């Protein structure tokens, strides 16, 4: 069985619970996922988690397409893939009008 966690960065005072992420890695979880919400992107917390862990795969679920050009999304994904030793999981999607227009 493969286990994963979702890391929430939404709300008026977003905070990345790194203790939870590190505990998940210690317990043998395979993946951690972060998404985009009002005022926070998915790439920054994913980068932070990849930098602080050694085995955990980290994904964006989702990195919304309207927020960046295709070339920027591809360069970001490839850079994180190289820097993390292949542990970055790139999730792309269209999101919704509330997030895109908000």
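Of note:
- Selection within segment 3-29 - loosely packed, with under 13 Cβ neighbours inside 10 Å, modelled with pLDDT of 95 or more and more than 15 Å from the chain's Cα centre (by Cα): 3, 19, 23, 26, 27, 28
- Residue list for segment 12-59, restricted to those being out of contact with any strand residue (DSSP E or B) (no Cβ under 8 Å at 6 or more places or on another chain) and within 28 Å of residue 101 (Cβ to Cβ): 12, 13, 15, 37, 38, 39, 40, 44, 47, 48
- Test: residue 70 is within 16 Å of residue 10 (Cα to Cα) and modelled with pLDDT of 90 or more: no
The values are calculated or read from the model by the stated rules, or taken from the named source; none is laboratory data. Just so it is clear, the model here is predicted, and its values are computed rather than measured. No Cβ is skipped: glycine too gets one built from the backbone with ideal geometry, and neighbour counts run over all protein chains shown.
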